[in-house]
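**Student:** Let me begin by handing over the structure; questions about it come next.
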Amino acid sequence: MALLTGLMPLLHLYAMYRLPFNAQRTRMQATKRACLLMAACLCWPGTAALSRAAAIPAPVSAAPTSPLLLAAAGATSGQNRSQEDLETHEWGPVQVVVYKSKRKLLVYRYGKFFKQYPIVLGFKPEGRKRFAHDARTPEGYYHIINIRPHPRWQYFITFSYPNAEDRRLYNEELAAGRIPELDGSPLSIGGSVGIHGSDKPDKQAAGTDWTKGCIAMNSIDVIELRSLVSVGTPVWVLE
């Protein structure tokens with residue numbers, strides 16, 4: 001802006017030299033109007049702020065897509081939330097996103113990627129959890145319902161499995177006779193699924209899935225996660 005302002009007199013003289021008299025007068029009038037417009041722009045309080053903002057490049061982030069956008073795109077199993085639902089939902093300051101296939105747990109703060117941790121899953125990790133004792137880790141949208149100290153795993157952070165979609169799919173399979181039976185009764189849908197630490201550091205380091213369906217972290221990581229989350233924190237478990 002300063003460079004353009006300094007060049008204006010030179011441009012004006014050049015125009016005066018190159019044009020005949022009548023055209024010079026027309027150009028003078030046009031130049032006068034341009035100068036008045038530029039002065040008005042320079043005096044406008046927002047101009048300096050806009051110039052400074054334009055000079056700051058937008059941050060380039062290699063972090064995964066925000067879970068809100070993932071939900072809007074229908075990336076979570078059984079979740080079909082509209083953009084309006086997402087915009088009006090009170091998400092809170094922290095969100096947890098679990099990528100099962102990548103064995104990663106990510107934390108977002110105020111919609112921005114904050115940190116990620118390695119995890120392992122149930123010892124039958126493929127597919128969503130269908131019923132109790134199937135050793136699978138759930139997939140879908142949940143929220144934390146309880147946080148408690150644990151003698152083996154530092155903390156047990158329980159989330160809200162089963163959700164409404166889990167129940168719907170379970171009832172469909174139950175009606176179709178696809179739920180295994182124990183002592184003549186179908187197995188239940190299960191519960192008490194969460195995120196916890198580990199007393200198996202060798203398996204954690206090797207990335208070996210060993211739980212009965214929960215998400216296991218290194219104990220030092222679950223202690224840190226406990227300091228970031230609270231009851232009500234959203235948990236997205238993605239394939």
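Just so you know, all these numbers are worked out from the coordinates, no wet-lab data involved. Just so it is clear, the model here is predicted, and its values are computed rather than measured. Every residue, glycine among them, receives a Cβ derived from its backbone with ideal geometry; neighbour counts consider all protein chains shown.
**Student:** Just grab the label-to-label distance for residue 135 and residue 104, each label 7 Å out from Cα along the Cβ direction, in nm (one decimal).
**Tutor:** For residue 135 paired with residue 104, the spin-label model returns 2.7 nm.
**Student:** When the chain is fully extended, how far beyond the present Cα-Cα distance does residue 163 get from residue 231, taking 0.36 nm per residue of separation?
**Tutor:** 22.9 nm
**Student:** How long are the semi-axes of the equivalent ellipsoid of the stretch 172-239, taking √(5λ) for every eigenvalue λ of the Cα gyration tensor, in whole Å from largest down?
**Tutor:** After scaling each eigenvalue by five and taking roots: 30, 17, 10 Å.
**Student:** What's the whole-number percent of alpha carbon pairs in the stretch 138-209 lying beyond 20 angstrom?
**Tutor:** Tail of P(r) above 20 Å: 50 percent of Cα pairs.
**Student:** So, one more: Near residue 181, within a Cβ-to-Cβ distance under 15 Å, what is the net charge of the other residues, with Lys and Arg +1 and Asp and Glu -1?
**Tutor:** Taking every other residue near residue 181 into account, the sum is -1.
**Student:** Please work out how much length the chain gains when fully extended from residue 223 to residue 202, using 0.36 nm per residue of separation minus the C-alpha to C-alpha distance, in nm with one decimal.
**Tutor:** Gain on stretching residue 223 to residue 202: 5.7 nm.
**Student:** Take residue 126 and residue 188, extend 7 Å from each Cα along the Cα→Cβ direction, and tell me the distance between the two endpoints in nm.
**Tutor:** Roughly 2.9 nm, to one decimal.
**Student:** Tally Lys and Arg at +1 and Asp and Glu at -1 over the other residues with C-beta under 11 Å from the C-beta of residue 116: what net charge comes out?
**Tutor:** Local net charge: +3.
**Student:** Further question on the same structure: How much length would be gained if the chain were fully extended between residue 145 and residue 115, taking 0.36 nm per residue of separation minus their Cα-Cα distance, in nm to one decimal?
**Tutor:** My answer for the length gained is 8.6 nm.
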